[in-house]
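One structure is given here, and the rest of the page talks about it.
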Amino acid sequence: VKEVHGRMFDGCSAIMKRDLRFNICELENSCQLNKDVPDLPARISQHITESLQYAASFWLPHLEQSNVDAKNAGKVFALLNSEKGLYWIEALSLMDAVERAIVILQDCARIFSVRPSSRDDMQ
């Protein structure tokens, strides 16, 4: 079971590394509230794939159920300590899941009490 979750975490990491980007839904106005974007559901369907939605939402549970080793901790640190971390929050915000980001960040603070040294996997 740990090995399967490890593969799922690796897959989630790879998808986020590949697909997260600035202004992922190509909004014309960044000052507009999500609720005021009339075609937001269509934009989400078009620009945030189901695999990215899953990866952004469930990478941490897969990590927790696998092996929280230095390599995986480095991947998490690299994600959260780069622009990809901001793009991850943007994607979750557009998906109306900011509360999920808050819980994940709180869980990361609990799991990773020491800052990992490897930063190269998600950059």
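Couple of notes before you dig in:
- Calculated [θ] (222 nm, deg cm²/dmol) that DSSP helices of n ≥ 4 give over the chain, each run adding -39,500 (n - 2.57): -20000 deg cm²/dmol
- Estimated distance in nm for a label pair at Gln46 and Cys31, the labels positioned 7 Å out from Cα along Cα-to-Cβ: 2.3
- Charge dipole magnitude, Cβ of K and R +1, D and E -1 - the chain, Cα centre, debye nearest 20: 420
- Comparing mean-square fluctuations of Leu92, Leu52, Leu33 from a GNM of the chain with C-alpha springs under 10 Å, the top value falls on Leu33.
- Solvent exposure of the chain as accessible area per residue, Å², 1.4 Å probe: 59
- Of the solvent-accessible surface of the chain, computed with a 1.4 Å probe and all protein chains present, 54% belongs to carbon and sulfur.
- Per residue, the average separation of C-alpha pairs within less than 8 Å and at least 6 apart gives the chain a relative contact order of 37 percent.
- In straight-distance terms, cross-link reach from Lys84 covers every one of the aspartates and glutamates whose alpha-carbon lies under 14 Å from its own, apart from those fewer than eight places away in the same chain; here that gives Asp19, Asp120, Asp121.
- Dipole orientation for region 11-123: of the candidates Ser113, Tyr54, Gln32, Ser113 has the Cα lying most toward the positive pole (charges on Cβ; Lys, Arg +1; Asp, Glu -1).
- All lysines inside 20 Å of Lys2 as judged from Cα atoms, apart from same-chain residues fewer than 8 positions distant: Lys71, Lys75
The values are calculated or read from the model by the stated rules, or taken from the named source; none is laboratory data. Please read these numbers as outputs of a predicted model, since none were measured by experiment. Here Cβ is always computed from backbone atoms with ideal geometry, including for glycine, and neighbour counts include all displayed protein chains. The protein model used for the area step is the full one, side chains on, heavy atoms only, and it has no ligands, DNA or RNA in it. Shrake-Rupley method; radii C 1.70, N 1.55, O 1.52, S 1.80 Å.
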